[in-house]
Amino acid sequence: MTASLQAVDRRLPGIGGFARATIVIFGAMAVLQSSQGLDAVKLAYLGAATLAVGGSVWSVYRERADALVAFARPWLVASLVVAGIIGISLPVALLHGTAFSTWTRDAAAYALVVAAPWVALDLARSVTSRTMIGLTVLAGGLAALSYAIVWVQRRAITDVAIDRLVLPSFTLATALFAVAVAQSVSREHRRYWWAALASVTVALLLLAGTRTALAILIVPLVIIAIAWLTDRSLSFRTRIVPACLPLLTAGVIVASTQLSLAVDLGHLGGPLSGSDGSGSSDGSRSPPDPHTLEGRFDTFGSVLAGRDASLQDRVAQTRAAWDIFLASPLVGSGLGVVVPWTTTSGRLETEFTADTPVLVLAKFGVLGLVLVGALGGAWLITIRRLNQGGPSARASRLALAGFGAAIVALTPFGWQLEDKGTGLAVILILGLALSEAGQADLVRRRRGQEA
């Protein structure tokens, strides 16, 4: 038996990688969902997570000759590149007057992305793909539910007894959505169970009034396209139809809100504004209440016309971030730099985060493009390599492709690496891919020995 095969065999009984990943993932979900300040609980998590990540790095280094480590090498290289860029941003930020504590708060999300490949590889060597899927369902489900709870209250759509559960991460919920859709296409059994889970996930995001959740509907489209092009033996009825269920769910939710609004406005005609003070005197109907689900999804016309307040705020943030980039185009202004912009209501906002992809240029300058290239390259290489595996590896390839497509589709609405759940999502979805790649390698080698 080869050394590589022995290394793969040893990963099943081990629990070290599982324990370390649990500390990083669920510790972050429990602690980082609180206020922005650095308190004792966060400092304790920082210490525990640092030890856990250090253990994962050491574990990977000890098994550096393993085939699975070689498989994940593009991600490990990307991690080191991103770590170097983050390190460069520290003196840059200090030179621009940013406090070290502010830099640390902003760097937390990027640190999770840096740690993700090492923790994912360590975890993949410790557990089976079934355990990886269970962790993804648990973490992604809690994140999606917490996201819905937070935003229905923040948008005053309804009142909920609790404030939140865990870290309300949109990208972590998107990772669950991608895995569920991929499983509905690839699995021989329980396809509709996975399709239902994907539908519930996207429903939670849409019922929170998040219009950008419609962008993640690219996930089933990409997964169906790749699955159909790479495996023409797929049955349309048994494999493709279940993956379309989330699309149907989203369509029903949006259509029902529009129908409800039309009924409220008077049987599709809508009340005409006039001298009664209900709206403008030009005969147009009164604008819907933005604090209702119907009102949230009745603004597409305003978005297309450029009148939507959220769109105008994003444009203002983009201009402010671009001005910061122009002031220091080579290395940016560092993590923690304040982005000042004025809302449509005339209020001045000064935060180190903003809903614009230009934020990466403002903070890292052209080095931000290197960061994007390193992560994107690792993603594409992994997807290509997974194409050589068996059915389970192809399932994780579909999930990776779908999740990557969702991140790209969401980028115009904000820089997704600033969501602390993005690093956690990478741990889970990459860990699943590595776990299934390891199992496929094990099966292939055993068949070669038997032959």
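Assorted remarks:
- Criterion (in contact with a helix residue (DSSP H, G or I) (Cβ under 9 Å, 6 or more places away or on another chain) and charged (D, E, K, R)) met by exactly one of Arg125, Arg154: Arg125
- Within the range 140-156, residues that are farther than 22 Å from Val181 by Cβ sit with their Cβ atoms under 8 Å from residues that are part of a helix (DSSP H, G or I), at 6+ positions apart or across chains, in these pairs: Val152/Leu207; Arg155/Arg296.
- Exclusive hit being touching a Ser or Thr at 6+ places or on another chain (Cβ under 6 Å), more than 20 Å from Val24 (Cβ to Cβ) and of a type in the set (A, V, I, L, M), set Ala99, Ala93, Ala143, Ala67: Ala67
- Some residue of the range 132-150 being surrounded by fewer than 24 Cβ atoms within 10 Å (Cβ to Cβ) and touching a Phe, Trp or Tyr at 6+ places or on another chain (Cβ under 6 Å): no
- Meets criteria (of a type in the set (A, V, I, L, M, F, W, C), in contact with a Lys or Arg (Cβ under 9 Å, 6 or more places away or on another chain), crowded, with 24+ Cβ neighbours inside 10 Å and assigned to a helix (DSSP H, G or I)) for Ala395: yes
- Only one entry of Glu436, Glu418 meets the criterion of being modelled with pLDDT under 95, surrounded by 24 or more Cβ atoms within 10 Å (Cβ to Cβ) and either closer than 26 Å to Gly27 by Cβ or under 17 Å from the mean Cα position of the chain (by Cα) (or both), and that entry is Glu436.
- The listed residues are Asp323, Asp313, and the only one of them that is closer than 30 Å to Gly97 by Cα, in a helix (DSSP H, G or I) and modelled with pLDDT under 85 turns out to be Asp313.
- Of all residues in the range 56-101, those satisfying the criterion of being surrounded by 19 or more Cβ atoms within 10 Å (Cβ to Cβ) and among the hydroxyl-bearing types (Ser, Thr, Tyr) are Ser56, Ser59, Ser79, Ser89, Thr98.
- Counted residues, the range 143-183 - those being of a type in the set (Ser, Thr, Tyr) and not in a helix (DSSP H, G or I): 2
The values are calculated or read from the model by the stated rules, or taken from the named source; none is laboratory data. Quick caveat, the model's predicted, so the values are computed rather than measured. As a convention, Cβ positions derive from the backbone with ideal geometry for all residues, glycine included, and neighbour counts pool all protein chains shown.
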